[in-house]
1. Can you find even one residue in the range 127-144 that is of a type outside the set (A, V, I, L, M, F, W, C), outside the structural domain of residue 61 (by TED's automatic domain parsing) and under 30 Å from residue 63 (Cβ atoms)?
2. Report whether or not residue 172 is of a type in the set (A, V, I, L, M, F, W, C) and either modelled with pLDDT of 95 or more or part of a loop (DSSP other than H, G, I, E, B) (or both).
3. If a residue has to be among the charged types (D, E, K, R) and part of a helix (DSSP H, G or I) to count, how many in the range 50-65 make the cut?
4. From the list 142, 146, 181, exactly one residue is among the small types (Gly, Ala, Ser), touching an Asp or Glu at 6+ places or on another chain (Cβ under 9 Å) and assigned to a loop (DSSP other than H, G, I, E, B). Which is it?
5. Quick one: how many residues across the range 184-197 are part of a helix (DSSP H, G or I) and either surrounded by fewer than 15 Cβ atoms within 10 Å (Cβ to Cβ) or aromatic (Phe, Trp, Tyr) (or both)?
6. In the range 132-143, what residues are closer than 22 Å to residue 102 by Cβ and either surrounded by 15 or more Cβ atoms within 10 Å (Cβ to Cβ) or of a type in the set (D, E, K, R) (or both)?
7. Would you pick out the residues in the range 162-190 that are farther than 16 Å from residue 94 by Cβ and among the aromatic types (Phe, Trp, Tyr)?
8. Filter the range 144-197 for residues that are touching a helix residue (DSSP H, G or I) at 6+ places or on another chain (Cβ under 6 Å) and among the aromatic types (Phe, Trp, Tyr) and give the result.
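The values are calculated or read from the model by the stated rules, or taken from the named source; none is laboratory data. The structure presented is a predicted model; accordingly, all values stated were derived computationally and were not measured. So basically every Cβ, Gly included, is an ideal-geometry build from the backbone, and we count neighbours across all protein chains shown.
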Amino acid sequence: MKQTAGPAGSPARTPGHVRPAGGLRPFSRGLKWGLLLLAALPAAAADIEGIGKAAAGLPRLRSLLVSRQGKLVLERYFHGARAGTPANIKSASKSVISALVGIAIERGLIPGAQAPIAPYFTEPLDSARRAITIEDLLTMRSGLQSTSIRNYGAWVLSPNWVRYVLRRPMVAAPGGEMIYSTGNYPLLSNFNRRAQS
């Protein structure tokens, strides 16, 4: 999430009536704005309740949990959500999958970040795709055409996300140019599952 400094003289009040730290501009979408609430978290415990109340006014925010020094100090759910309601964490899943890959490497279930991904897929791969490593996927340097932005809809609607990504055209050499692509992460997830089975 890109955060930009606000212009001098920007208004003190924002959609949630909480001024973000560092003069950051409020985001137009409530979900992203909710993340800024954490950046604006005041030191006083009494103000945490105020943040909870402000969060309730954000139409796309479903939950807000705040932990301070290892203790949960605020837990609120909004717009019909409950503690057990599944949440679409979107790109935060990239961090989760990356951590799981790291754990699998540490446990010796995966040889290392430089290992090629090809042995973990049944899809026939050409020489360029066989050169893609785990590190290339983690760093978005697979060389495969992106499945993000204008290509996102077609990828999400495809019947097999993994096959769709593996069949994208090669637009760069593996390990070279960074190309943002959400599709790298289902590859990592599938690979991680197969490596541990």
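1. no
2. yes
3. 1
4. It is 142.
5. Qualifying residue count for the region: 5.
6. Passing the criteria: 132, 133, 134, 135, 136, 137, 138, 140, 141, 142.
7. 164
8. Correct list: 155, 161, 164, 185, 191.
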